[in-house]
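First comes the structure, then the notes that go with it.
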């Protein structure tokens, strides 16, 4: 009889567990994308490259692609300007109230794009309640300036500036003060230190942030839909949405082709990001334990005023416009004491049963997605790190695709995959479960990436020592891996919850009566002309998000380092 070493048996059990969890993850994330791809290249039951060529060469497709690249590109440029200025000043200087500044800068990222677009349209234009109250509204009949490519670019830039800020600040924190002090001793001062020392060391982080921001802006649906459709300006996500309203036997196939086109551009951005990360090897002499704190001197107060003025312009004023609209009896009425009304709030929150259901559904879906993704990603990331395989590497390379694709595209993919369950007569379409599975697919990478990054920094000797003394796999996961990766997993869970809570673009095509989410309710109210009630629900959602973020911020001192995403 042949006896296998104990560690060999355990390696086999770990391998079997990895195969099972990896197959579950592939089904959740990549199977819908693969089903969509098959739909795009097969029409009439076989390979049809002629149809693929026909859709890609249409004027509408090429125009939408051009518009997507323009708005995403210039929107990313605005994000770089805003996010990098905040990152350099917050990470490198002696600004006061940094925590409050970062907290306010994160709010636009946590607010869904539909609410961002709605708040800005309530701030500007001839029907703006706030401008009418102040006597600054343009004359009736004047165009809404945001219904234009420039409006889309501006709001995309504001919406995603936090991505640049977070990515760049993480890179800047690794720059030790000793390097700057050495440069100063050598005679470098002021902007020369920033230009010759700090900026070169932070370029890899900045470039990676630009790639992520561009891919995210490319797939944004809410802002181009609310601002571009009224102006007749289509991007690829809005073109897909409009095509779905059409009839015909090839509608889904055409939409699938357009989705593949977005996917190709998104994958190119993801590969660029991976290339940058692989080359991000900067060797520093010294310790990064002391963060840089360059004194601003007399310029500190003017710089602080300028930064808070930006926060006022991109956050406070749009929300004031949204709040003013929610407090009048009808859209376009100036807000005065005699016109102040809470009927919009009362009607939307207490007399509309769909709103109550939407709050329950959004909370349930977001909490469930965060918990289940944490349970899946922790063992999967650890097993993939311990047992590298070709399938695992392929999954790792394609994992970001469901998140990079527009939500409407992923929704179509889920419909194609789950409208008829294999070997059964059951369907998940029209149930809340198809929305839940779509959330798992979309936000898998949001949870997986922080956990994966944390595991790469762990010393494998701890696990090997526990394994050598007979610790089982569940015990090693519970006593070693989980405590060390808990902060990163918690940060990912917070991001998943806050993002899923406000999600619209996926659920917009998957909801049915009884499965409404908050994003769907806001979109439907605004689309039906109930702007006051839409503003009330949107303002309520914003207040809930800010309250949740505030609780997390206030308890951050008692939490392990790394739990709060915007403090990492």
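The values are calculated or read from the model by the stated rules, or taken from the named source; none is laboratory data. Note that the coordinates shown come from a computational prediction; the quantities given were computed from them, not determined experimentally. Please note: Cβ atoms are built from the backbone with ideal geometry, for glycine as well, and neighbour counts cover all protein chains shown.
The table that follows gives values for the structure above.
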| item | result |
| --- | --- |
| Residue check, residue 417 within 16 Å of residue 35 (Cβ to Cβ) and either outside any helix (DSSP H, G or I) or outside the structural domain of residue 494 (by TED's automatic domain parsing) (or both) | no |
| Residues being in contact with a helix residue (DSSP H, G or I) (Cβ under 6 Å, 6 or more places away or on another chain) and surrounded by fewer than 21 Cβ atoms within 10 Å (Cβ to Cβ) - total across region 85-94 | 1 |
| Options 383, 365, 391, 376: the member that is at pLDDT below 85, over 29 Å from residue 130 (Cβ atoms), in the same structural domain as residue 519 (by TED's automatic domain parsing) and part of a helix (DSSP H, G or I) | 383 |
| Test: residue 251 is under 23 Å from the mean Cα position of the chain (by Cα) and either modelled with pLDDT of 70 or more or closer than 21 Å to residue 116 by Cβ (or both) | no |
| Unmet requirement for residue 389, which otherwise passes all of (1) in contact with a helix residue (DSSP H, G or I) (Cβ under 8 Å, 6 or more places away or on another chain); (2) within 26 Å of residue 212 (Cβ to Cβ) | (2) |
| Test: residue in region 16-38 that is in a helix (DSSP H, G or I) and at pLDDT below 75 | no |
| Set 548, 510: member being outside the structural domain of residue 319 (by TED's automatic domain parsing) and not in a helix (DSSP H, G or I) | 510 |
| Single condition residue 338 does not satisfy, out of (1) surrounded by fewer than 17 Cβ atoms within 10 Å (Cβ to Cβ); (2) touching a helix residue (DSSP H, G or I) at 6+ places or on another chain (Cβ under 9 Å) | (2) |
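Table: residues versus (1) more than 18 Å from the chain's Cα centre (by Cα); (2) at pLDDT below 85; (3) in a helix (DSSP H, G or I).
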site	(1), (2), (3)
344	yes, no, yes
408	no, yes, yes
412	yes, yes, yes
427	yes, yes, no
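Residues are listed down the side, and each one gets a yes or a no for (1) within 30 Å of residue 85 (Cβ to Cβ); (2) in the same structural domain as residue 230 (by TED's automatic domain parsing); (3) surrounded by fewer than 23 Cβ atoms within 10 Å (Cβ to Cβ); (4) in contact (Cβ under 8 Å) with a residue 24 or more places away in the chain:
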| site | (1), (2), (3), (4) |
| --- | --- |
| 101 | yes, yes, yes, yes |
| 119 | yes, yes, no, yes |
| 133 | no, yes, yes, yes |
| 137 | no, yes, yes, no |
